[in-house]
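Colleague: One structure follows; several queries about it will come next.
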Amino acid sequence: MDLERAETVSLLLGQEFLTWLWFASETSNGLFRTREGEAFSVTVEQKVSVQGGEGEARETAVCSGPMAELREARMGLRNGKKVNKAKVRVERDEVSWQVLLDAANFTLQGLKTPKVEMKLEEGEDPDGCILEKIYLLEKCMDYLDLVYARFLDLRFSPRWKEETEHLRRWLEV
């Protein structure tokens with residue numbers, strides 16, 4: 001597969017993933033479970049960017065705002081645009097992360113982890129804060145990897161046709 005084709009396939013798969021994730025976050029509260037049964041959620045919120053067309057005719061619509069319902073972005077999807085960026089919240093218990101996902105290359109931008117207390121008590125290891133921050137970064141990436149793997153399992157299974165029908169109905173609402 002040549003590099004240009006690989007980039008196109010990657011972009012399309014990324015756009016489908018973000019669209020499906022938005023759908024899942026609204027229809028099932030974005031609830032997922034790890035293999036060990038740990039519950040967590042991934043929800044699309046506050047910012048979605050949709051894009052359509054090619055070359056000079058490419059159009060992008062960005063919808064954002066606290067508590068935004070993202071109506072214009074959904075309208076863009078109905079009109080054939082694809083989600084190319086989305087801000088998501090990953091939550092487990094009372095712990096949450098926020099990150100902007102980019103469909104083109106699945107990059108994570110502006111990842112905000114739960115707050116880590118940087119004030120050390122006497123005798124505490126100064127590396128402990130850094131290690132906790134790294135742990136939180138890895139945990140968020142693990143959750144996102146798990147959700148992406150679930151999407152890929154679904155996307156390349158016979159159930160995908162049924163899922164796209166549900167997605168179309170969701171868009172009509």
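Colleague: In a Gaussian network model over the chain where Cα atoms closer than 10 Å are linked, find which of 63, 129, 140 has the largest mean-square fluctuation.
Modeller: Judging by the Gaussian network model, the answer is 129.
Colleague: Could you report the accessible area of residue 75 in Å², rounded to 10, computed with a 1.4 Å probe on the protein chains as they sit in the structure?
Modeller: Counting only protein heavy atoms, the figure is 100 Å².
Colleague: Across the chain, where is the longest run that never hits GluC sites (Glu not before Pro) in a DSSP loop with at most 12 other C-beta atoms within 10 Å? Please list the in-between numbers first.
Modeller: Values: sites that count: 36, 38, 54, 69, 94, 117, 121, 122, 124.
So the longest stretch without any such site is 125-173.
Colleague: Here's something else I'd like to know. Mind checking which of 6, 46, 60 is farthest towards the positive end of the range 3-172's charge dipole, using Cβ charges of +1 (Lys, Arg) and -1 (Asp, Glu) about the Cα centre?
Modeller: With unit charges placed on the Cβ atoms, the residue in question is 60.
Colleague: Next up: Mind checking which of 148, 103, 136 is farthest towards the positive end of the range 92-153's charge dipole, using Cβ charges of +1 (Lys, Arg) and -1 (Asp, Glu) about the Cα centre?
Modeller: Positive-end residue among those listed: 103.
Colleague: Still on this structure, please answer the following. Between residue 57 and residue 38, how many nm apart are label points set 7 Å from Cα along the C-beta direction?
Modeller: 4.8
Colleague: Angle, helix 127-155 long axis vs. longest principal axis of the chain, Cα atoms, 0 to 90°, nearest 10?
Modeller: Its long axis makes an angle of about 30 degrees.
Colleague: With a 1.4 Å probe and all protein chains in place, put 113, 8 in order of accessible area, largest first.
Modeller: Working: 113 25, 8 70 Å².
Per-residue accessible area, sorted high to low, gives 8, 113.
Colleague: On to the next question. Return one number: the angle in degrees, 0 to 90 and rounded to the nearest 10, between the long axis of the Cα atoms of helix 160-172 and the longest principal axis of the Cα atoms of the chain.
Modeller: Computed tilt is about 80 degrees.
Colleague: How many Lys pairs in the chain lie less than 23 angstrom apart by Cα atoms, where the lysines are 8 or more positions apart or on different chains?
Modeller: Lysine pairs satisfying the spacing and distance rule in the chain number 21.
Colleague: While we're on this one: In the range 89-173, which trypsin sites (Lys or Arg not before Pro) are in a loop and have at most 14 other Cβ atoms within 10 Å, using DSSP for the loop call?
Modeller: The qualifying sites are 115, 119, 159.
Colleague: With Rg and Dmax of the Cα atoms in Å as the read-out, I listed (i) 67.1, 209; (ii) 18.0, 61; (iii) 19.7, 57; which label goes with the value calculated from this structure?
Modeller: So the calculated entry is the one marked (ii).
Colleague: Divide by every residue of the chain the summed helix terms, -39500 (n - 2.57) for each DSSP H run of at least 4, and state the resulting mean residue ellipticity at 222 nm, rounded to the nearest 500 deg cm²/dmol. The partial results should precede the final answer.
Modeller: Details: 4 runs with 75 residues, N = 173.
Taken over the chain, the calculation gives -15000 deg cm²/dmol.
Colleague: Protein chains only, probe 1.4 Å: how do 48, 9 rank by accessible area, largest first? Mind showing how you got there, number by number?
Modeller: Working: 48 0, 9 55 Å².
Reading off the accessible areas and sorting them downward yields 9, 48.
The values are calculated or read from the model by the stated rules, or taken from the named source; none is laboratory data. As the structure is a prediction and not an experimental result, all values here were calculated from the model. Positions of Cβ are backbone-derived with ideal geometry, glycine not excepted, and every protein chain shown enters the neighbour counts. Side chains are part of the model used for accessible areas, which takes the heavy atoms of the whole protein and leaves out ligands, DNA and RNA. Shrake-Rupley method; radii C 1.70, N 1.55, O 1.52, S 1.80 Å.
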